[in-house]
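One structure is given below, encoded as structure tokens.
The values are calculated or read from the model by the stated rules, or taken from the named source; none is laboratory data. All figures in this text were calculated on a predicted structure; none of them were measured in a lab. Neighbour counts are summed over all protein chains in view; Cβ atoms, including those assigned to glycine, are modelled from backbone coordinates with ideal geometry. Ligands, DNA and RNA are excluded from the accessible area calculation, which covers all protein heavy atoms including side chains. Shrake-Rupley method; radii C 1.70, N 1.55, O 1.52, S 1.80 Å.
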Amino acid sequence: MYTLQALLASIADQSFQAIQKLRGSYHFPRFELSFIKMQGSAGANPASIAAVKIPLQDSKIPENFLHTAERKLAVADFLIRRFRDGIARFAQQNRGKDGSGSFNTIALSQTMLIRDSVLFDDDAVYLRFMISLPAKGQGGGIFDAEQAWIMLSRELVAIVDDCFFYQHYDEQTRALFQQFVDVQKTRAEIIRFMQRHDLLAFIANDAKLPRQSGVDDRPAMDEPVKAFQSPSSLQITIPLPGGCSITGMGIRQGITCITGGGYHGKSTLMQAILAGVYAHIPGDGREYVVTREDAVFIRAEEGRSIRHVDISPFISNLPNGLKTDCFSSDNASGSTSQAANIVEAIESGSRLLLFDEDTCATNFLVRDELIKKIVDAAQEPIKPLYSTVRSLRKKQQVSMIFVVGGLGYFLQKADTCLLMDNYRCADITAKVRDRLGAIAEEDTPIADFSVSRCLDADNFDPAYTNQRLNKTLAKRIKDLRSALRQLEYGMDLINLDAVVQIAEAPQMLTIGYCLLALRTQLKQSSKPEAIRFWIDWLEGEISKHGLAVLAPDYPGTLSMPRKYELAAAINRIRSLRVFQQ
């Protein structure tokens, strides 16, 4: 600690660049501070990266909290959030020029994700954070060592003491910490039960599903929220350790339709289901909404890029002889983009597809009787999803969940039909079968589309050339602060705005480093492999070795995406080079 104080004094009032001398580790009474990456200028984004190391023996975190990967994830998530809260309580932010002189963490969503911001070894816990060291003087060119010492010796010490030492927690904090661990323990039991009983999703009774808005994923607070209750016919009880249990609605494999009037909760239920691939923090309301991990939300996405995708099971005989068994487009239509999204999701390994009528291309879903009378079938290249949904289920073992408010056709194809009425869920399957007859099977089976696309070796070039400045960077991987689901990678802008299962911006940055890791392997590979091979390989490497295998420029800034979002990013790169196997 005093070594750091002396070093700060030695570079006081020097050029801000002198902070590079701080790189290294320093011992404080109860922790070790390390500077890993130093910022280039005052108020720079990204800022410097630092880490604190606390011996587990001193932290007194209960040993049973660290026994499984799920529990460690809960502990890591709790600690980074508590550290962030500590910043708000103890730190004076933006104390220097140009917004310098601040602590920060990565952006955090309502989900518990694997991140590289909190790590464990046998003896210690490490937490990485951002620190913008303070500057003063005209233009912020002078390092303010006095304020830096206040930040580190007072504020950081207070944050660390408050965050990491279980013996300092009050009863309320200990109870909240236990809730984080309990969410992960219970969720793990629910997942095991779902796997044994072939369930697609589970929504616990008393879950609170509504959100504050379409751009704010926090729980709705403005008015009383009706808690979810399962229809009795679909209600299941899952046994938990210690003689406890949890009860809620289980959605079985097959085709499920969720219907009801406008503003009655159909899309709210769907939003909870698609978010259920992730664990949620205590108080979110969706802690025990659990969805099979391979669920992918499918929507129309006009304007996206498509490269050599076989969409012929859904679209064929396009005008001008354009082939659809190896379809490419720089500006896809609603129907071709939705067809490609289905094929790409299945290609990446998903066998659970989610649809909301409001975000789909209507002409891709159905052709009604009036259109059939006016437009001859030979003139229509689109084979609507309605006519293939049962065949897709049988041939590809794909389950689907649909939200439908104005398209009753899909009720004819559903194994399970749910009605949302004023946020109350009812099982109307028997009523639908009584009024619409038996499930309508299809006469014509869906064409096979098992062809896999291989990646060319020369993909994912990270180099960026600024034509105006005639300047080339060897690598550009940059998430956009103004856009949660966009990433600048090399010369490409990867737009995943339609990929709604991206939960937080650091996942986008991780996708960028995944692409860089894949490029290295593609260059070394002796033979071409399919996209599915590469995303599975990388998922396995990260599972074994952690996010450190991606070697990010700024450690501590990554959150783990699913392989399905990585595949979605790959498929939307406009410079993508693929060929069919």
Task: region 214-252, subset open to solvent by less than 20 Å² (accessible area, probe 1.4 Å) and assigned to a strand (DSSP E or B), residue nearest to ASP284 (Cα to Cα) - done: GLY248
Open item on the list: Condition check: modelled with pLDDT under 95, open to solvent by 30 Å² or more (accessible area, probe 1.4 Å), over 20 Å from the mean Cα position of the chain (by Cα) and among the aromatic types (Phe, Trp, Tyr). Does PHE533 satisfy that?
Closed with: no
Open item on the list: Just the residues that are aliphatic (A, V, I, L, M) and exposed (fewer than 13 other Cβ atoms within 10 Å of the Cβ), please, taken from region 2-30.
Closed with: ALA6, ALA9
Open item on the list: Please go through region 401-435 and give me each residue that is touching a Lys or Arg at 6+ places or on another chain (Cβ under 7 Å) and of a type in the set (A, V, I, L, M, F, W, C), ordered by number.
Closed with: VAL403, MET420
Open item on the list: I'd like the residue in region 540-562 that is within 21 Å of ILE106 (Cβ to Cβ) and among the charged types (D, E, K, R) and, out of all such residues, is surrounded by the fewest Cβ atoms within 10 Å (Cβ to Cβ).
Closed with: ASP553
TODO: Restricting attention to helices (runs of 4 or more DSSP H) lying wholly within region 472-581, give those where 2 or more residues are closer than 16 Å to ASP116 by Cβ.
DONE: 505-524, 531-545
Task: Filter result (touching a helix residue (DSSP H, G or I) at 6+ places or on another chain (Cβ under 8 Å) and either part of a loop (DSSP other than H, G, I, E, B) or surrounded by fewer than 18 Cβ atoms within 10 Å (Cβ to Cβ) (or both)) within region 435-453 - done: LEU436, GLY437, ILE439, ALA440, GLU441, GLU442, THR444, PRO445, ILE446, ASP448, PHE449, SER452
Open item on the list: Could you go through region 32-45 and let me know if any residue there is open to solvent by 50 Å² or more (accessible area, probe 1.4 Å), of a type outside the set (A, V, I, L, M) and touching a helix residue (DSSP H, G or I) at 6+ places or on another chain (Cβ under 7 Å).
Closed with: yes
Open item on the list: Could you go through region 226-233 and let me know if any residue there is under 27 Å from the mean Cα position of the chain (by Cα) and free of Cβ contacts under 8 Å to residues at least 40 places away in the same chain.
Closed with: yes
Task: Residue pairs meeting the criteria (Cβ under 7 Å; at least 6 apart or on separate chains; first of a type in the set (Lys, Arg), in region 15-28; second outside any helix (DSSP H, G or I) and surrounded by 13 or more Cβ atoms within 10 Å (Cβ to Cβ)) - done: LYS21/ILE11; ARG23/PHE35; ARG23/MET38
Task: Any strands (runs of 3 or more DSSP E) falling wholly within region 281-376 and containing at least 3 residues that are over 21 Å from CYS257 (Cβ atoms) and either modelled with pLDDT of 90 or more or not aromatic (Phe, Trp, Tyr) (or both) - done: 306-309, 327-329
Open item on the list: Can you pull out every residue in region 253-270 that is open to solvent by less than 10 Å² (accessible area, probe 1.4 Å) and closer than 26 Å to LEU392 by Cβ?
Closed with: GLY254, ILE255, THR256, CYS257, ILE258, LEU269, MET270
Open item on the list: Tell me yes or no: at least one residue of region 5-22 is under 26 Å from the mean Cα position of the chain (by Cα) and part of a loop (DSSP other than H, G, I, E, B).
Closed with: no
Open item on the list: Could you go through region 424-433 and let me know if any residue there is assigned to a strand (DSSP E or B) and under 19 Å from ILE342 (Cα atoms).
Closed with: no
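Given the criterion closer than 30 Å to MET270 by Cα and buried (at least 17 other Cβ atoms within 10 Å of the Cβ), identify the matching residue among ALA148, ALA207.
Sole residue among the options that is closer than 30 Å to MET270 by Cα and buried (at least 17 other Cβ atoms within 10 Å of the Cβ): ALA207.
Of all residues being closer than 21 Å to GLU146 by Cβ, part of a helix (DSSP H, G or I) and touching a residue at least 60 places away in the same chain (Cβ under 8 Å) in region 79-103, which is most open to solvent (accessible area, probe 1.4 Å)? Just the residue, please.
PHE90
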Open item on the list: Please verify whether ASP206 is touching an Asp or Glu at 6+ places or on another chain (Cβ under 9 Å) and acidic (Asp, Glu), treating the condition exactly as stated.
Closed with: no
TODO: Would you mind stating whether ILE273 is β-branched (Val, Ile, Thr), open to solvent by less than 20 Å² (accessible area, probe 1.4 Å) and under 30 Å from VAL432 (Cβ atoms)?
DONE: yes
Open item on the list: I need the full set of residues from region 382-418 which are within 15 Å of ILE446 (Cα to Cα) and assigned to a loop (DSSP other than H, G, I, E, B), in order please.
Closed with: LYS383, PRO384, THR388, GLN397, VAL398
Task: Search result, residues across region 315-338 that are touching a helix residue (DSSP H, G or I) at 6+ places or on another chain (Cβ under 7 Å) and either in contact (Cβ under 8 Å) with a residue 40 or more places away in the chain or at positive phi (or both) - done: ILE315, SER335, GLN338
Task: Answer from GLY254, GLY242 - the residue that is within 28 Å of the chain's Cα centre (by Cα) and on the phi > 0 side of the Ramachandran plot - done: GLY254
Open item on the list: Being within 30 Å of ILE131 (Cα to Cα), surrounded by 20 or more Cβ atoms within 10 Å (Cβ to Cβ) and of a type outside the set (A, V, I, L, M, F, W, C) is the requirement here; does ARG572 meet it?
Closed with: no
Task: Looking only at region 16-66, and only at residues there that are touching a strand residue (DSSP E or B) at 6+ places or on another chain (Cβ under 6 Å) and charged (D, E, K, R), the one that is nearest to GLN93 (Cα to Cα) - done: LYS37
- [ ] For region 345-360, name all the residues that are under 18 Å from ILE382 (Cβ atoms) and open to solvent by 10 Å² or more (accessible area, probe 1.4 Å).
- [x] GLU357, THR359, CYS360
Open item on the list: I'd like to verify a number: residues in region 104-132 that are over 25 Å from ILE511 (Cα atoms), part of a strand (DSSP E or B) and within 26 Å of the chain's Cα centre (by Cα), how many?
Closed with: 1
